[in-house]
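Have a look at the structure below, then the notes.
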Amino acid sequence: MGSTAKPREIRLSTTPTQEELAKLKLGDIVYLDGLMYTAREGVYKRALDEKANIPMELPAESAANFHCSPAARINEDGTFEMGAVTATASFRFAKWLPEWLAKSGAKLVIGKGGMSSKDYKAYFVPNGAIYLSTVGYGTGALLGRGVDNVEAIHWNEELGLAQAMWVIRCNRMGPFIVASDHEGNCLFERENERISKNLHKVYEGTRPATLKRFGETDDKSEELI
Amino acid sequence: MIPMDLIEKTAVTLMNKAAIEIPDDYLTGLKAAAEVEDGDLSSFVLQAMLENYEAAKEDRRAMCGDTGTPRWYVKMGNQTQVEGGPVALEAALRRATAKATNGVPLRPNRVHPLWRTDHDNNVGIGAPEIEYGYEPGGEWIDLITVHKGGLFGTDYRMLFPSDGIEGIKRFYLDSLVAFGKRGLSCQPAIIGIGLGGCKDTCMVLGKRAACLRTVGDRNSDPKIAELEMELKELGNSIGMGAMGFVGKSMVIDAHIEVGYCHTGGMQMSVHAFCLSSRRAVARVFADGRVEYRTDPQWFTDYQRRETVEWEVPQNHEKSA
Ligand code: SF4
């Protein structure tokens, strides 16, 4: 491994205070303790579009929404077996998140790939929420180790195992990376900007395709989500 | 005659191994990338991944919570017969996929594209995919399972002879940069490139180049081998690393497979086999022997043949 500065490591509750959240800086490494629930398009549609009653006390029990479908099963005796846990890409849920953050009081949104700074400024910051990104993104076994217990599963009959609302108890679950801060800055956009500066050099000696596509752009610095 | 219960039992073991044990060639490649990576966040990510593979093996849990879309590549020697025939074989592989989904457990990823029906077992219409290959000589069956992840990292484009190598490089970079942003393709990856064929075969070739060749393996055509090395270097010079952070590890290896195409075209596809480059292989013999390995050894001279007839080389008959 090259000589690199180690990022800062922080332990955080899944029901964090505003002061704790305000201290988080882009690129900090976070480990979580407390209850966390999975919710993605299935849960959002059911809770927001179909107005079903959310089967948990939110945000009192948990203010941490994980964009995830775990590799898990329900045993015959009703207990659960949870193996690996990996997030799914969050940008696809932008449609529901403004309403969800307001309704659920979620302060931590955990997923893959983050959102845009526009999203952060429009509805994360006003709701006092922060985005945490999983690492890799394939660190499913490490995250699985941070699951102390599977407390419940809701809506699995209606939505299937992958889309259900899993409630898990975390014990130093991580690592996660702080990808947005309380001002709505975006870690991925910062990195993208730095990388883009060099791209014209990398592209030297290549040529654009003879046959173009509709809507094609040649601006390599553009964000795609 | 190869007994079907042995095939099914072996297939369940393979599903398990693929989900949990990172193949050695990829692990060695990733360690080498971690050695030279100097982006602070990228380095942290690679280190976490190395710890993750250890945790998966120690706990016998899947390395990634997204266990991909399990599929099968089946190859047989020319003399092979399986008990119950091909229909029984496909049933055994479907059963093994369902059992392992529940056993390991894997994520039940496969749903109907419109109705989103989930059987919670990774089996459904066309799932798992089962593809076949044959080799001259031999009485054995190779079972290869690949759990390729990723909604991201794959693209196809119709290029033309006038696009040339410069056009190939452009589309390659475009794919890496586009899907590398925010680490959507979970790089560093094994990049597979399909060139030629028709649109469907171009995709098949590229996917097989990514999933069925090991890190360090080179195409048997020396000029293509050179291009593979060049593309690997090029990908690692973008300035991007894991998760789209500043860094230099994008590509663990680049593999190219070609197929003869329409005289006017030069089809190209790009595929990324992610940080969870999951594959497991076993050869099952008629006498009940089972040999496990992680190298699919798919692309033999026979698979890349150019001629009408195939002359079996003398030493091939026994070893293949
Ligand atoms: S692309 Fe690979 S490493 Fe990333 S989440 Fe999917 S399976 Fe896991």
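The values are calculated or read from the model by the stated rules, or taken from the named source; none is laboratory data. Just so you know, these numbers come straight off a predicted model, no measurement behind them. No Cβ is skipped: glycine too gets one built from the backbone with ideal geometry, and neighbour counts run over all protein chains shown. Note: accessible area is taken over every heavy atom of the protein model, side chains too, but ligands, DNA and RNA are not part of it. Shrake-Rupley method; radii C 1.70, N 1.55, O 1.52, S 1.80 Å.
Please count how many residues of segment B:207-264 are open to solvent by 20 Å² or more (accessible area, probe 1.4 Å), over 19 Å from the mean Cα position of the chain (by Cα) and of a type in the set (S, T, N, Q).
Counting residues in segment B:207-264 that are open to solvent by 20 Å² or more (accessible area, probe 1.4 Å), over 19 Å from the mean Cα position of the chain (by Cα) and of a type in the set (S, T, N, Q) gives 3.
If you go through segment B:55-90, how many residues are within 12 Å of the ligand (Cβ to nearest atom), open to solvent by less than 10 Å² (accessible area, probe 1.4 Å) and not in a loop (DSSP other than H, G, I, E, B)?
Residues that pass the stated criteria total 2.
B:Val12: in a helix (DSSP H, G or I), of a type outside the set (Ser, Thr, Tyr) and crowded, with 24+ Cβ neighbours inside 10 Å, yes or no? Give the derivation first.
Numbers: in a helix (DSSP H, G or I): yes; of a type outside the set (Ser, Thr, Tyr): yes; crowded, with 24+ Cβ neighbours inside 10 Å: no.
Spelling it out, it is not the case that B:Val12 is in a helix (DSSP H, G or I), of a type outside the set (Ser, Thr, Tyr) and crowded, with 24+ Cβ neighbours inside 10 Å.
If you check A:Thr88 against the conditions, is it away from the ligand (no atom under 16 Å from the Cβ), under 29 Å from B:Asn16 (Cα atoms), surrounded by fewer than 24 Cβ atoms within 10 Å (Cβ to Cβ) and hydroxyl-bearing (Ser, Thr, Tyr)? Please lay out each step first, then the result.
Working: away from the ligand (no atom under 16 Å from the Cβ): no; under 29 Å from B:Asn16 (Cα atoms): yes; surrounded by fewer than 24 Cβ atoms within 10 Å (Cβ to Cβ): yes; hydroxyl-bearing (Ser, Thr, Tyr): yes.
Taking the combined requirement at face value, the residue does not satisfy it.
Can you name the residue in segment B:142-200 that is within 8 Å of another protein chain (Cβ to nearest Cβ) and at positive phi and is also nearest to the chain's Cα centre (by Cα) among such residues?
The qualifying residue nearest to the chain's Cα centre (by Cα) is B:Cys186.
So is A:Ser69 within 11 Å of chain B (Cβ to nearest Cβ), in contact (Cβ under 8 Å) with a residue 40 or more places away in the chain, over 15 Å from A:Leu132 (Cα atoms) and within 16 Å of the ligand (Cβ to nearest atom) or not? Give the steps one after another, and end with the answer.
Details: within 11 Å of chain B (Cβ to nearest Cβ): yes; in contact (Cβ under 8 Å) with a residue 40 or more places away in the chain: yes; over 15 Å from A:Leu132 (Cα atoms): yes; within 16 Å of the ligand (Cβ to nearest atom): yes.
Criteria met by A:Ser69.
Kindly evaluate B:Arg305 against the criterion of being assigned by TED's automatic domain parsing to the domain that holds B:Thr97, basic (Lys, Arg) and at pLDDT 95 or above. Please lay out each step first, then the result.
Details: assigned by TED's automatic domain parsing to the domain that holds B:Thr97: no; basic (Lys, Arg): yes; at pLDDT 95 or above: yes.
Considered against the rule, which asks whether it is assigned by TED's automatic domain parsing to the domain that holds B:Thr97, basic (Lys, Arg) and at pLDDT 95 or above, B:Arg305 comes out as no.
Got a number for residues in segment A:13-60 being farther than 27 Å from B:Ser42 by Cα and surrounded by fewer than 16 Cβ atoms within 10 Å (Cβ to Cβ)?
Matching residues across segment A:13-60 total 12.
Please indicate, with yes or no, whether at least one residue in segment B:45-54 is in contact with a strand residue (DSSP E or B) (Cβ under 7 Å, 6 or more places away or on another chain), within 13 Å of the ligand (Cβ to nearest atom) and not aliphatic (A, V, I, L, M). Can you show your working first?
Filtering segment B:45-54 down to residues in contact with a strand residue (DSSP E or B) (Cβ under 7 Å, 6 or more places away or on another chain) leaves B:48.
From the residues that got through so far, the ones that are within 13 Å of the ligand (Cβ to nearest atom) too are B:48.
Retained after the next criterion (residues that are not aliphatic (A, V, I, L, M)): none.
The answer is no; no qualifying residue exists.
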